[in-house]
Amino acid sequence: QGDVFTFDPGFTSTASCESAITYIDGDKGELLYRGYPIEELAEKSHYLEVCYLLLYGELPTRTQMEDFERRVTRHTMLHEQIHYFFRGFRRDSHPMATMVGVVGAMSAFYHDSLDINDPWQREVAALRMIAKLPTIAAMAYKYSLGQPFVYPRNDLDYAANFLHMCFSVPAEKYEVDPILAHAMDLIFTLHADHEQNASTSTVRLAGSSGANPFACVAAGIACLWGPAHGGANQACLEMLRQIGSVDRIPEYIARAKDKNDPFRLMGFGHRVYKNFDPRAKVMKQAADDVLGLLGIKDNPTLQVAKELERIALEDPYFVEKKLYPNVDFYSGIILEAMGFPTSMFTPIFALSRTVGWISQWKEMLGDENQKIGRPRQLYVGKPRRAYVEVENR
Ligand code: SDX
């Protein structure tokens, strides 16, 4: 499925690494976290339990879950000095730019005291990352609004705490809507890990050199930002808004098929899924449920998305190219309904994916045979040739 990597003369594999964390079958549309189908985890589990599963390989007992939740919760605050990093950014900076900068800066606060050769310290770094990313994402959002940062609350669960940090203001009482908290938790779970996607491979490659985990995750956030990857959720909702009504869909379908037009249907297509993205199916149902519960089922963006999907799935071009909605197609509709601006969509993807990045980083460093990554190239340049003096050129 992936590119062919030639690691050593004579040894050619289509695999770039071994991992026991996530399995994808692109033809069957199957996604398993440590062997558990994403559909079952979405229905029966919750994000922090999925974090435990991805990190440790098994579903936790009640006691293990309580201990894990306590250990994560106590790390949700940031060192007060880190607040100053935000102030160096313009207020209108994209929150992804702020997150790359602040997460990278965490190296300056936690790296020196971190020996990544010690499994216990690797685990503490992983817990710190899972705990602090929502706080950083919420602070990036608040900073963009010019509102005061809101501290985490340890009496709220992971998703509710994130919504609290994003939407509450000191001047008035804020109660987290359980409908939104459940939808938020589901979105976190659906984005938690996804095998060797571009940003996870970035984190692994950076980690293979021995770089500290905060710098590795900052590199993953930077990679995820691209519109071909995690940035697609923002680009998709902006595309749906631009289409605006179902009667304009044919115009955009034609553009997506026009080789001379760089326009692509954002939220459509995938490097691996060539049948359907199981996350998109769950997300589509969630969009229906959440908008129904919020009394906005006739949301024009949702109507355009559903009609666009219906038309595209019947169009021979998309069928032949095996293009189907991916995880980014419906997620933005739910996030918009929750009150987030499109600029916060990819930061939410990044904080959800942090557990996948850091679990794979931890797995890789736990392998004593692990070597520094070194993807090879196929050289297609000039053959060896002699230097030419400038007067002879
Ligand atoms: C994510 O890898 C992961 O797991 C990523 C991810 C994760 O969880 O980490 O799943 C998250 O990144 C999902 C993908 C989000 N990106 C988008 O929605 C952006 C729009 N989609 C594309 O740009 C594209 O589909 C990719 C990048 C996602 C996949 O690209 P591929 O598989 O390399 O496909 P391709 O670019 O080789 O395209 C194959 C053909 C091409 O036509 P031909 O050159 O064969 O004539 O399909 C066409 C493309 O032009 N095509 C599209 C299209 N996607 C591919 N045409 C119109 N609209 C699209 N969206």
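The values are calculated or read from the model by the stated rules, or taken from the named source; none is laboratory data. Bear in mind the structure is a predicted one, so any value in this text is a computation, not a measurement. For neighbour counting, all protein chains shown are included, and Cβ atoms are generated from backbone atoms with ideal geometry for every residue, glycine included. Side chains included, ligands, DNA and RNA excluded: accessible areas come from the protein's heavy atoms. Shrake-Rupley method; radii C 1.70, N 1.55, O 1.52, S 1.80 Å.
Here the alpha carbons of the chain define both size measures, Rg and Dmax, at 22.0, 78 Å.
Give me the percent of DSSP beta bridges within the chain that run antiparallel, rounded to the nearest 5. Intermediate results must be reported in sequence, preceding the final value.
Numbers: 10 of 10 bridges.
Among the beta bridges of the chain, antiparallel pairing accounts for roughly 100 percent.
Placing pseudo-labels 7 Å out from each Cα toward the beta carbon at LYS297 and LYS382 gives an inter-label distance of 6.7 nm.
What's the carbon and sulfur percent of the chain's accessible surface, probe 1.4 angstrom, rounded to a whole number? Of the solvent-accessible surface of the chain, carbon and sulfur hold 52 percent.
Kindly state, to the nearest 0.05, the FRET efficiency for GLU175 paired with SER343, given R0 = 30 Å and r defined as their beta-carbon distance. Numbers along the way, then the final one.
Details: r = 25 Å, r/R0 = 0.84.
Efficiency, rounded to the nearest 0.05: 0.75.
Please work out the C-alpha center-to-center distance from segment 344-362 to segment 66-88 and express it in whole Å. So the two Cα centres are separated by 16 Å.
Spacing of the modelled spin labels on ASP247 and LYS44, each 7 Å from Cα toward Cβ, amounts to 4.9 nm.
Rounded if a/c is under 1.5, else prolate if a/b is larger than b/c, else oblate: which is segment 296-374, with a ≥ b ≥ c the root eigenvalues of its Cα gyration tensor? Intermediate values should be presented prior to the final figure.
On the way: a/c = 4.47, a/b = 1.67, b/c = 2.68.
Cα axes put segment 296-374 in the oblate bin.
Net length available on complete extension from GLU80 to GLN64 is 2.7 nm, with 0.36 nm assigned per residue and the Cα-Cα distance removed.
Please find the FRET efficiency linking ARG71 to ASP115, where r is the Cβ-Cβ separation and R0 is fixed at 22 Å, and quote it to the nearest 0.05.
Numbers: r = 19 Å, r/R0 = 0.86.
E between ARG71 and ASP115, to the nearest 0.05, is 0.70.
Label positions at GLN285 and ASP261, each projected 7 Å from the Cα along the C-beta direction, are separated by 3.4 nm.
The mean accessible area for residues of the chain, using a 1.4 Å probe and ignoring ligands and nucleic acids, is 48 Å² per residue. Calculated mean residue ellipticity at 222 nm for the chain: -16500 deg cm²/dmol, from DSSP H runs with n ≥ 4 weighted as -39500 (n - 2.57), summed, divided by the residue count and rounded to 500.
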